[in-house]
1. Using the Karplus curve 6.51 cos²θ - 1.76 cosθ + 1.60 with θ = phi - 60°, what ³J(HN,Hα) values do you get for each residue of the stretch 257-268, in whole Hz, with x for Gly and Pro?
2. With a 10 Å radius around each residue's Cβ, average the other Cβ atoms per peptide and rank 139-148, 386-395, highest first.
3. State, to one decimal in nm², a quarter of the convex hull surface area for the C-alpha atoms of the stretch 174-233, i.e. the direction-averaged projected area.
4. Please list the non-local residues whose amide H lies under 5 Å from the amide H of residue 269, H modeled 1.01 Å from N, same-chain partners needing a gap of 5 or more.
5. Taking only protein heavy atoms into account and a 1.4 Å probe, give the accessible area per residue of the stretch 1-160 in Å².
6. Given H placed 1.01 Å from N in the peptide plane, which residues other than close sequence neighbours of residue 138 have an amide H under 5 Å from its amide H?
7. Please turn the phi angles of the stretch 77-92 into ³J(HN,Hα) values with the Karplus equation 6.51 cos²θ - 1.76 cosθ + 1.60 (θ = phi - 60°), one per residue in order, whole Hz, x for glycine and proline.
8. Using only DSSP helix segments of four residues or longer, with each worth -39500 (n - 2.57), what per-residue ellipticity at 222 nm results for the chain after dividing by its residue count and rounding to 500?
Amino acid sequence: MINSKITLYNSLSNREEEFKTVCENEVKMYCCGITVYDYCHLGHARTCIVWDVVRKYLQWRGYKVTYIQNFTDIDDKILNRAKKENSSMEEVSERFIKAYFEDMEKLNVTPANAYPRATHALDGIKKLVWELEQKGYAYEKGGDVYYSVHKFADYGKLSGRKLEDLQAGAGGRVNQSGVEKEHSSDFALWKSAKAGEPSFDSPWGKGRPGWHIECSAMVRDMLGETIDIHAGGNDLIFPHHENEIAQSEAVTGKSLANYWMHNGMVKVEGEKMSKSLGNFITIRELLEQYEPMAVRLFVLQANYRKPIDFTKDAMESATNGWHTLGEGLQFGLKHGGALNWTEKTQHTMIKSVQERFCQEVDRDFNFAAGVAILFDLAKDLRRESNIMVHEGKTTISSQELGDKWHTLTTLADVLGLKLDAVQSDTTSSHMSDEEIENLVQERITARKNKDFAQGDRIRDILKEQGITLIDGAGGVTKWHR
């Protein structure tokens, strides 16, 4: 493997640093996961794809990575949904955890090593709250237990916020029992039980954990007192990650994580995504319109720390880009026989390309630059494929072609970009270009006549043949095999 150094941007220091692990060649990595009260949306897709590829890349670079992602399965939003549906907290959580895995499988997100849940980590949570109380960082009021932020001298070191500047009354000064907290910025570690809500036994009476404490407890239980990378969306920097640091480090006296990493948010057509604006898009809705790998490519072509804007033009561009890569990835499947490739044929990574890929991605996980290198390989293979089809020859040797294809497929796998079953089956479509064009025109006519059912039927027919349609502006429809 290339012997260059990896650098990454550390949100704690606000600068790029050389990556050094606690244990040699091992990475302990934790990502704040999903509160399971609804289907995952575009923002979740970005978070899960980004940290999935960081993990994949580190593994490819030779590290043994232990990757943990939690589920918050008890929360006011979950309880409100259960009440609205006349179901239970467990039923809501299980339904959306199942949906999460279905969505992630389509996006080719590799499962974490473990998915701890808040309700399964109660012993560790209660132990941590008790330790904070014993050390004087927590206090009990009316069955609620609060963290005293004034007791932790480093509070604000991640977000840059100063305690004295925090708005008075933030988070509420009075708890549900009418008992005042010692300070408006103190936050709940344990919440006393409300009538009709699920609750758990504790030294402070029946109740349930606060949101922030669960991650601190899970990190310690699953990975230890100090981990290498703690990741999540940048909306979690304050208060969630700031509070995690305060909770964990007050007890252990050690750094919770050596590197804090955060991905940027997703906008939709220039606006912040929200249900109130009517631009809230779930992964499921997204994948009804676009191919999963086009979504993955869209995410990877942007700097992970910057905001990205989901637009129709951007997704059409990502779709076209994915088809270019797909043509390159299909090269060996289409032409292996003609080139006399066999399972025993030995192909190697092109060292210069591998080195360039590592040099680019090693700089704070610059996946966009890595993708550009894949495009160069795919375009070379597409050009050779056209020459083979039209002239029956190639401009380079079979070995060189094999090495290019092997390099492309290896690097694409590092980024989690893969052909689906239809794309991998090069014999799936027996339609000629003329037959496809005729169906496309028939569909355009049907849609103009507002016969959308017929238009959908034609789309489904073409999809079964491995043909993807892209509806553009002005009624123009493009297609790709």
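1. For the stretch 257-268, the Karplus-derived couplings read 9, 7, 9, 9, 10, 9, 8, x, 8, 10, 10, 10 Hz, x marking Gly and Pro.
2. Numbers: 139-148: 20.5, 386-395: 11.5.
Sorting 139-148, 386-395 by mean packing, highest first, produces 139-148, 386-395.
3. Numbers: hull surface 24.8 nm².
Hull-based average projected area comes out at 6.2 nm².
4. 310, 311
5. Details: 7180 Å² over 160 residues.
Ligands and nucleic acids excluded, the figure is 45 Å² per residue.
6. Counting only residues 5 or more places away or on other chains, the set is 133, 148.
7. Rounded to whole hertz, the list is 5, 5, 5, 5, 5, 4, 5, 5, 8, 6, 10, 10, 4, 5, 5, 4.
8. On the way: 16 runs with 207 residues, N = 481.
Computed ellipticity for the chain at 222 nm equals -13500 deg cm²/dmol.
The values are calculated or read from the model by the stated rules, or taken from the named source; none is laboratory data. Computed from a predicted model, the values in this text were never measured in an experiment. Cβ: placed from backbone, ideal geometry, glycine included. Neighbour counts: every protein chain shown. Just the protein is used for accessible areas: all its heavy atoms, side chains included, with ligands, DNA and RNA removed. Shrake-Rupley method; radii C 1.70, N 1.55, O 1.52, S 1.80 Å.
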